[in-house]
1. Residues to consider are A:LEU45, A:LEU50; find the one that is away from DNA strand C (no atom under 13 Å from the Cβ), within 14 Å of the chain's Cα centre (by Cα) and open to solvent by 10 Å² or more (accessible area, probe 1.4 Å).
2. Exactly one of these conditions fails for B:GLU122: (1) over 17 Å from A:ILE152 (Cβ atoms); (2) touching a strand residue (DSSP E or B) at 6+ places or on another chain (Cβ under 6 Å); (3) within 14 Å of chain A (Cβ to nearest Cβ); (4) modelled with pLDDT of 95 or more. Give me its number.
3. Give me the pairs: first residue in the range A:129-147 and touching a residue at least 40 places away in the same chain (Cβ under 8 Å) and more than 7 Å from chain B (Cβ to nearest Cβ), second residue of a type in the set (Gly, Ala, Ser) and open to solvent by less than 20 Å² (accessible area, probe 1.4 Å), beta-carbon distance under 6 Å, and six or more apart or on different chains, which are they?
4. Among residues belonging to the range B:53-73 that are within 14 Å of DNA strand C (Cβ to nearest atom) and either within 14 Å of chain A (Cβ to nearest Cβ) or within 15 Å of B:ARG94 (Cα to Cα) (or both), point out the one that is farthest from the chain's Cα centre (by Cα).
5. Take B:GLY103 and decide whether it is at pLDDT 90 or above, touching a strand residue (DSSP E or B) at 6+ places or on another chain (Cβ under 6 Å) and open to solvent by less than 60 Å² (accessible area, probe 1.4 Å).
6. For the range A:89-117, enumerate the residues that are away from DNA strand C (no atom under 16 Å from the Cβ) and in contact with a Phe, Trp or Tyr (Cβ under 8 Å, 6 or more places away or on another chain).
7. Being in contact (Cβ under 8 Å) with a residue 24 or more places away in the chain and of a type in the set (Lys, Arg) narrows it down to one of A:LYS160, A:LYS75, so name that one.
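The values are calculated or read from the model by the stated rules, or taken from the named source; none is laboratory data. In this text the structure is predicted, and so the values were computed from the model without any measurement. Here Cβ is always computed from backbone atoms with ideal geometry, including for glycine, and neighbour counts include all displayed protein chains. We work out accessible area using only protein heavy atoms, side chains counted, and drop any ligands, DNA or RNA first. Shrake-Rupley method; radii C 1.70, N 1.55, O 1.52, S 1.80 Å.
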Number of protein chains: 2
Amino acid sequence: MNTLRDPLLMPLTAEHNHQQCVSRALNTAEQLCLNRGVQLTAIRLQVLSLIWADHKAVKAYELLDRIKPLQSAAKPATIYRALDFLIEQGLIHRIESLNAFVGCRCSGQPHELLLLICKQCEEVEERAALEVMHTIANELTAAHFIVHSKAIEIQGICGKCALQSLSESST
Amino acid sequence: MNTLRDPLLMPLTAEHNHQQCVSRALNTAEQLCLNRGVQLTAIRLQVLSLIWADHKAVKAYELLDRIKPLQSAAKPATIYRALDFLIEQGLIHRIESLNAFVGCRCSGQPHELLLLICKQCEEVEERAALEVMHTIANELTAAHFIVHSKAIEIQGICGKCALQSLSESST
DNA sequence: TTGCTAAGATTACATTATAACAATCGCTAC
DNA sequence: GTAGCGATTGTTATAATGTAATCTTAGCAA
């Protein structure tokens with residue numbers, strides 16, 4: 001396995017080719033929906049594309065504003081239905097602590113993950129963190145708890161922003 | 001250290017003496033606020049007591065309804081201010097994935113924890129889970145991420161409910 | 001007394017999310 | 001081909017959650 005090409009292991013650097021990043025995500029989405037026999041309709045694709053505009057968490061009503069030029073009839077329900085579908089298919093994540101959404105960089109693979117949410121640049125990074133998941137599984141077994149879903153969200157400052165403010169304060 | 005008396009290690013069983021559980025929490029809260037020189041005012045204490053009515057997650061507007069008989073003038077802001085205070089003092093937790101709140105069973109001790117949220121009985125259990133926190137810390141170091149806050153919320157079925165439905169289905 | 005501060009009251013509003021029902025569209029069994 | 005079906009979308013209304021801004025009050029200290 002070429003780890004350099006694994007999106008989960010690729011750092012979210014300024015230099016990353018976002019164009020490529022997006023088209024990969026959309027291609028994967030189309031392929032997945034095809035395989036599963038579910039419809040990635042125009043609206044759903046538009047919402048997914050808008051979410052992938054960047055790696056920041058985006059709010060539902062922000063999406064509504066952004067989609068209006070394309071779908072002038074769009075209403076809250078339009079967005080929430082598309083979001084529900086995309087979450088069901090594992091194409092995006094809901095960020096509970098922000099009431100916001102972000103594109104999933106490892107769609108298709110069953111995955112549980114940490115979300116690292118930067119308060120400064122607002123970007124969200126996913127980490128598979130197998131060790132973390134392992135210890136959580138142990139803890140849950142000890143507690144006799146049957147998992148349905150996990151939300152593991154860390155807020156703070158990402159490496160990129162930390163470096164930046166470091167270099168700024170030293171000038 | 002007598003682990004049987006550590007609230008974090010005490011299972012949330014049906015038999016637990018809730019009266020004692022609540023008075024312990026309220027006493028701790030009063031003591032803590034006294035030590036810190038902050039005021040546990042009537043409203044704040046009422047909200048805390050209402051949250052401690054049981055171990056279930058409770059919504060802000062539910063609290064508003066519950067407090068109305070005591071404070072007929074109560075408005076959303078009344079509740080949210082009290083909640084903000086209680087969270088700041090570490091006396092309750094906000095559950096991001098439910099937009100709800102629950103009493104903290106280990107107030108005063110600085111603590112990061114897992115919240116295990118049962119979808120059936122709606123009770124919330126806290127687990128200190130030091131190993132989990134340790135692996136998360138490692139993961140964050142690897143990601144060069146500076147933590148401000150964590151939300152680790154697991155939804156599923158608690159041991160008590162799992163046992164119950166097991167014994168029910170076997171009759 | 002006066003002025004300061006923390007807390008609370010009040011009003012209005014902003015944000016997030018869903019319910020309920022109608023309309024449409026593509027498919028397929030007849 | 002068309003009647004019926006399921007999935008999707010449109011439309012309207014409203015519920016649920018949360019905050020901003022401004023004012024008042026109580027306690028306390030100068």
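1. Details: A:LEU45 fails: within 14 Å of the chain's Cα centre (by Cα).
It is A:LEU50.
2. In the conditions (1) over 17 Å from A:ILE152 (Cβ atoms); (2) touching a strand residue (DSSP E or B) at 6+ places or on another chain (Cβ under 6 Å); (3) within 14 Å of chain A (Cβ to nearest Cβ); (4) modelled with pLDDT of 95 or more, B:GLU122 misses (4) alone.
3. none
4. So the residue we want is B:TYR61.
5. yes
6. Result: A:GLY103, A:LEU116.
7. The conditions single out A:LYS160.
Conditions tested, residue by residue: (1) farther than 12 Å from B:LEU116 by Cα; (2) crowded, with 19+ Cβ neighbours inside 10 Å.
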site	(1), (2)
A:VAL132	yes, yes
A:LEU140	no, yes
A:SER149	no, no
A:GLU153	yes, yes
A:CYS158	yes, yes
A:ALA162	yes, no
A:SER165	yes, no
A:SER169	yes, no
